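A short worksheet on the structure shown next.
Nothing in this text is a laboratory measurement; each read-out follows from the coordinates by a stated rule. Since we're looking at a predicted model, the values are computed, not measured. All Cβ positions, even for glycine, are placed from backbone atoms using ideal geometry, and neighbour counts span all protein chains on display.
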Amino acid sequence: MCAVEAWRIIATSLLAAGGIVLVLVTMAQVRDRKGSTSGQVALSGAIALTVLVLIGVLCATVFPAWLVWGIVVAVGVIVSVLVLVS
């Protein structure tokens, strides 16, 4: 069994929480565009979720600590701004 450092688990959990919000905001913004179809909304959600999962796996396994925490802070700032602006 492979041991994962506790900081990686915490950082990945924070990234996942913020990332889910970003996926939902992305889907809402695509839905609000004129002429967008439900297929476009689903496609944007699938792409955003795939990117989130990929970054989450990399954060949990191979990225160095400074990069992981930088991504977590960046996602937190983006989520805060998007929620406050919306």
- Residues of segment 1-41 with backbone N under 20 Å of the label point set 7 Å from the Cα of residue 50 along Cα→Cβ are 16, 19-31, 37-41
- How large is ³J(HN,Hα), in whole Hz, for each residue of segment 34-49 in order, when computed from phi with the Karplus curve 6.51 cos²θ - 1.76 cosθ + 1.60 and θ = phi - 60°, using x for Gly and Pro? 5, x, 7, 9, 5, x, 5, 5, 5, 5, 5, x, 5, 5, 5, 5
- Task: List, in order, the whole-Hz ³J(HN,Hα) value for each residue of segment 77-83 obtained from phi through the Karplus relation with A = 6.51, B = -1.76, C = 1.60 and θ = phi - 60°; use x for Gly and Pro.
- Result: 5, 4, 4, 4, 5, 5, 5
- Message: If you average 1/r across every pair of different Cα atoms in the chain and take the reciprocal, what Kirkwood value do you get, in Å?
- Response: 13.8
